[in-house]
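Engineer: Below is one structure. I have some questions about it.
Each reported figure results from applying straightforward, stated rules to the coordinates on display, with no laboratory input. Because the structure is predicted, anything quoted here is derived from the model rather than measured. In this analysis, Cβ positions are derived from the backbone assuming ideal geometry, glycine residues included, and neighbour counts consider all displayed protein chains.
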Amino acid sequence: MKNIITKNLRLRPLTMDDTADVFAYSKNKNVGPRAGWKPHETIDETEEIMKTIFVDQENVWGIEKDNRIIGSIGLIEDPHRQNDQARMLGYALSEDYWGQGIMTEAARAVLAYGFNTLGLSLISVGHYPSNLGSQRVIEKCGFLYEGTIRQAEKIYTGEIRDVKAYSLTRAEYENLH
């Protein structure tokens, strides 16, 4: 899997050497819960998650800025679609970098990769209604709102949350570019 270089970022495969950087943003109480996962309590916990979710995974990148990993982004299987030409966009970013356009820049680069390199027909994305920062990224990338999936996910606290669902087809993407 290749690196993706943007104006301000380098998206690259994560390695176990990135564990400390990932722990640094994953322990923040405002990062994980916005995506439904609990803040990491120990670096050992991050290490296990690195092994199962990030390292050696296809189409999952660390977001590198200033020679450190400040977030992650990837195209993963969409649990709501039985379509091998569709993937779901997922991401997380260190709170220190929120509101700077970094995730929009990374997401646009990954969308280009998904449609132009992987040949996907559709990319979906979702967010919890309270996560307005993620909603702004999604809207800036041109995704179209499909609807709210009510009582869609149980998060780590046991709370059941709605998910606002969006998608972008290859034709819609091409019309934007």
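Engineer: Once you list every other residue whose beta carbon is under 12 Å from the beta carbon of L132, what net charge do they have if Lys and Arg are +1 and Asp and Glu are -1?
Structural biologist: Here the charged neighbours net out to +2.
Engineer: Now for a different question. Local charge sum around N28 (other residues, Cβ-Cβ under 11 Å, Lys/Arg +1, Asp/Glu -1)?
Structural biologist: +1
Engineer: Tell me the Kirkwood radius of region 35-134: reciprocal of the mean inverse pair distance over distinct alpha-carbon atoms, in Å.
Structural biologist: Evaluated on region 35-134, it is 14.7 Å.
Engineer: Quickly work out the R150-to-E48 label distance, labels modelled 7 Å from Cα along the C-beta direction, and quote it in nm with one decimal.
Structural biologist: Between E48 and R150, the simple spin-label model gives 3.6 nm.
Engineer: Stretched out fully, how many nm does the piece from E58 to L132 gain, at 0.36 nm a residue minus the Cα gap?
Structural biologist: Difference between extended and current length: 23.8 nm.
Engineer: Follow-up. Note down the nm distance, to one decimal, between modelled labels 7 Å out along Cα→Cβ at K38 and at T157.
Structural biologist: Reported label-point gap for K38 and T157 is 1.3 nm.
Engineer: While we're looking at this one, here's another question. Give me a comma-separated list of calculated 3J(HN,Hα) values for region 106-111, in order, Karplus coefficients 6.51, -1.76, 1.60 applied at θ = phi - 60°, integers in Hz, x for any Gly or Pro.
Structural biologist: 5, 5, 4, 5, 6, 4
Engineer: Hey, which lysines would be in cross-link range of K154, C-alpha to C-alpha under 25 Å, not counting anything within fewer than 8 residues on its own chain?
Structural biologist: Leaving aside lysines fewer than 8 places away in the same chain, those within reach of K154 are K27, K29, K38, K51, K164.
Engineer: Moving on. Mind giving me the FRET efficiency for E139 and N28? R0 is 35 Å, r the Cβ-Cβ distance, nearest 0.05 is fine.
Structural biologist: 0.90
Engineer: Identify which of D21, D66, D56 has the largest mean-square fluctuation in a Gaussian network model of the chain, with springs joining Cα atoms closer than 10 Å.
Structural biologist: D66
Engineer: Percent relative contact order of region 4-176, based on C-alpha pairs within less than 8 angstrom and at least six residues apart?
Structural biologist: Over region 4-176, the number comes to 19 percent.
Engineer: Under a point spin-label approximation (7 Å from Cα along Cα-to-Cβ), what is the S121-W98 distance to one decimal in nm?
Structural biologist: 3.7 nm
Engineer: Please report the net charge: other residues with Cβ closer than 14 Å to the Cβ of N59, K and R +1, D and E -1.
Structural biologist: -2
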